[in-house]
Amino acid sequence: MYLATTGRRTDAQPRPAGVGLRVPGTVVALGAVSLVTDVSSEMVTAVLPLYLVLGLGLSPLQFGFLDGLFNGATALVRLLGGRLADRGGQGGGRHKAVAGAGYLLSALSRLGLLLAGGAAGGIAAAIATDRLGKGVRTAPRDALITLSTPPQALGRAFGVHRAMDTTGALLGPLVAFAVLWVTADAYDAVFVVSFATGLLGVLLLVLFVPAGVPEALPVPKPRTAVRTKVLADPAFRRVVCAAALLGAATIGDSFLYLLLQRGLDLTPALFPLLPLGAAAGYLLLAVPAGRLADRIGRRAPLLYGHGALLAAYLVLLLPMGWPTVVLTLVLLGVFYATTDGVLMALAGPVLPREGRAGGLAVLQTGQALARLCGAAGFGAAWTWWGPRPALAVAAVLLAAAVAAAWRILPDLRGTEGHGDGERSENEEERA
């Protein structure tokens, strides 16, 4: 197991990347918050496609728009969240406060779903509030991880955090399944339990996440001019462009689960169990993938992960059966394990400490907006052409995006262990 560090000597010699480095206490505490919060959010995510498409009768095009809203319509708020966190200095106190506000908004959004009934406007507002909270909290939270962890161990730190986060994603659908079974498919009961669980996550953040950066990682003096010019770095620009390109070629997990549900004609009570396979694979592979990224560089795992997603698309084009379901969910788990935290670990050391939350917010915003376009586009293609032709086109687009990203992404193997956004002239030319 990975243990939190306490009382580390500041005069110790740096260790080789990925060797004997433990995960800081801030990462473990944030992982616990994410675990509980993901139980809350994945309860809703697991039943939402079924609730909207089968329960309320939305078309795939309408669901595609709402799914895109769920993942990217509040992207500009990410920039605000990162900006507010950075303005508080690099001690970490403002990062925690901004992240806490985001977690609270997401918890309150469950009440919005409960009160909306079947009104499309109320549902859209509740979804937007949830994404508002996620947009506000994500960059400050990830910045806290990078500010509290030695750069050469960021892959492992994000792997541990994402593994804990995914444990919540694994438990969320199980809780939703249990609530639906006990209450005879009462969606309102799912929203109530989700709200209470989300509030518990906020309480854990307040009580156990430290506000400051550990003394073992000294904080440099702020450089305000750099904070507003994160896109001036050519390597970071290329990371943002590649992430946006890959995001535009993804169609969203909810569509994949709907394809599986239709192919197998699953009952509504079993539908929330579909994300469990992907979450289990993510949970098992997140830490090994992070350690591998620390050793060989983070560019290759990121691209191979999107290759796994492409394979999942191709598998779904085959005749449907339980082997198809298992393989699709395993490939989804590989995709998330090798991309989610790895992308943040790739971009973090390129950015200066005093602008890290804002820089990560820029990256996440670009990716979120791209995924909004991808989800809406696939929903439209499904409505006009049918699911299989739309999925075939999505597979072609993702293959092209992976090939282009391979050329765009910089090779940062020589800089991932340095941090603070400081690189030599030779390294900048190579990027």
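Derivation of every value follows stated rules applied to the coordinates shown; laboratory data play no part. As the structure is a prediction and not an experimental result, all values here were calculated from the model. We place every Cβ from the backbone using ideal geometry, glycine too, and count neighbours over all the protein chains shown.
Computed from the C-beta positions of Leu266 and Ala186 and an R0 of 22 Å, the FRET efficiency is 0.70 to the nearest 0.05.
3J(HN,Hα) along the range 304-319: 5, x, 5, x, 5, 5, 4, 4, 5, 4, 5, 4, 5, 7, 7, x Hz, from the Karplus curve 6.51 cos²θ - 1.76 cosθ + 1.60 with θ = phi - 60°, whole Hz, x for Gly and Pro. Note on Thr383 and Arg87: the extension gain reaches 102.1 nm, defined as 0.36 nm multiplied by sequence separation minus the Cα-Cα distance.
Counted by neighbouring Cβ atoms within 10 Å, the residues Arg22, Arg371, Arg87, Arg356 run from fewest to most as Arg87, Arg22, Arg371, Arg356. You can think of it this way: the chain between Ser59 and Leu200 has 47.3 nm of extra reach, that is 0.36 nm per residue less the Cα-Cα gap.
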